[in-house]
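**Q** I have a structure here, written as structure tokens, and I will follow up with some questions on it.
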Amino acid sequence: MSETLVVVPLPEPRSDSGTSIEQALESRRSIREFAPGPLTLALMSQLLWAAQGETGAGGARTAPSAGALHPLRLYLVSGDVTGLEPGVYRYDPRRHALHKTADGDRRAEMSIAALQQECVGAAAAIVVIAADDRHTVARYGRRAQRYIDIEVGHAAQNLHLQAVALNLGSVDVGAFDDAEIASALGLPEAERPLLLLPVGRKRKP
Ligand SMILES: Cc1cc2nc3c(=O)[nH]c(=O)nc-3n(C[C@H](O)[C@H](O)[C@H](O)COP(=O)(O)O)c2cc1C
């Protein structure tokens, strides 16, 4: 992947949404249809932090990781985010920043790769959870894939609960062609895409 030198610092994450964890758990639903309107960098900052933000010494994150090896790699596919050009950005938990890895709006291509699912093309942004399994495989062998799949679930649920607290809609999309998504994103050879999380504004009930 040819990573450009564009680094976008993200706004500091907040810790005062006013929504309790119980309210978020009770309200979480898969949302596949979104209201029109852009997301903001502050909203994306909060979602990415919830999924994989650094929260402690030694690189500890919001989600548990087998052996603290942190194999997950998060990408933000920006389509309609105020202050962020359409493109693909890698989330850097240490710096809480985005590194641009590709230009242009990739949502339509990703929707096709996800069996034409409309929610992928219609979302203002898509968070992609990918993984580089090399360290986890080196330590855990055949159990590595199980551990990584569990970690994806942790990160995704964190993001969904944060989305509820921000009054946003989000959904898991696991049905996609791996190679086509990897190509649409320009993922490095060692990384595999494991889950797409389209995000957008919630429609009024
Ligand atoms: C591993 C996994 C893969 C999923 N893949 C898709 C998908 O490709 N497209 C989709 O619309 N929903 C997908 N979903 C969402 C489920 O359809 C949804 O969670 C289920 O219908 C229950 O609804 P709820 O999330 O609103 O409680 C997926 C969920 C999981 C856990």
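**Q** With springs connecting C-alpha atoms under 10 Å apart, model the chain as a Gaussian network and identify which of Ser111, Ser20, Ser65 has the largest mean-square fluctuation.
**A** Ser20
**Q** Moving to a separate point now. Provide the net charge surrounding Arg143, with neighbours chosen by a C-beta distance below 12 Å and charges set as Lys +1, Arg +1, Asp -1, Glu -1. Show your work: numbers first, answer last.
**A** Working: positive: Arg139, Arg142, Arg146; negative: Asp133, Asp149.
Here the count lands on +1.
**Q** Here's a follow-up. What fraction of the DSSP beta bridges in the chain is antiparallel, stated in percent and rounded to the nearest 5?
**A** Working: 36 of 38 bridges.
The antiparallel fraction comes to roughly 95 percent.
**Q** Okay, next question. If you place +1 on the Cβ of every Lys and Arg, -1 on the Cβ of every Asp and Glu, and leave all else neutral, what size is the dipole of segment 19-202 about its Cα centre, to the nearest 20 Debye? If you can, show how the numbers build up before the last one.
**A** Working: 19 positive and 21 negative charges, 107 e Å.
Using only the charged Cβ atoms, the result is roughly 520 debye.
**Q** For segment 55-99 and segment 103-140, what is the centre-to-centre distance using only Cα atoms, to the nearest Å?
**A** 14
**Q** Moving on. Anyone know which of Ala155, Ala42, Ala50 comes out most mobile in the 10 Å Cα GNM of the chain?
**A** Of Ala155, Ala42, Ala50, the Gaussian network model singles out Ala42 as fluctuating most.
**Q** Additional query: Take Val6 and Asp105, extend 7 Å from each Cα along the Cα→Cβ direction, and tell me the distance between the two endpoints in nm.
**A** Simple spin-label model gives 1.5 nm for this pair.
**Q** Loop only per DSSP, at most 13 neighbouring Cβ atoms within 10 Å: give me the trypsin sites (Lys or Arg not before Pro) in segment 54-116, ordered by residue number.
**A** Working: sites: Arg61, Arg73, Arg90, Arg94, Arg95, Lys100, Arg106, Arg107; in loops: Arg94, Arg95, Arg106.
Those that pass, being in a loop and sparsely packed, are Arg94, Arg95.
**Q** How do the peptides 159-165, 6-12 rank, highest first, by the average count of neighbouring beta carbon atoms within 10 Å per residue?
**A** Put in order of decreasing packing, that is 159-165, 6-12.
**Q** Summing Lys, Arg as +1 and Asp, Glu as -1, what charge do residues with Cβ under 11 Å from the Cβ of Ala182 carry, Ala182 excluded? Don't skip to the answer; put the middle values down first.
**A** Numbers: positive: Arg192; negative: Asp177, Asp178, Glu180, Glu189, Glu191.
Around Ala182, the charge tally is -4.
**Q** Mind listing the long-range amide H neighbours of Ala131? Cut-off is under 5 Å, sequence gap 5 or more, other chains count too, H placed in the peptide plane at 1.01 Å from N.
**A** Residues meeting the amide H criterion: Arg73, Arg192, Leu194.
A short reminder: the numbers here are calculations on the coordinates, not readings from a lab. Fair warning: this is a prediction, and the values are worked out from it, not measured in the lab. Quick reminder, even Gly has a Cβ in these numbers, built from the backbone with ideal geometry, and neighbours come from all protein chains shown.
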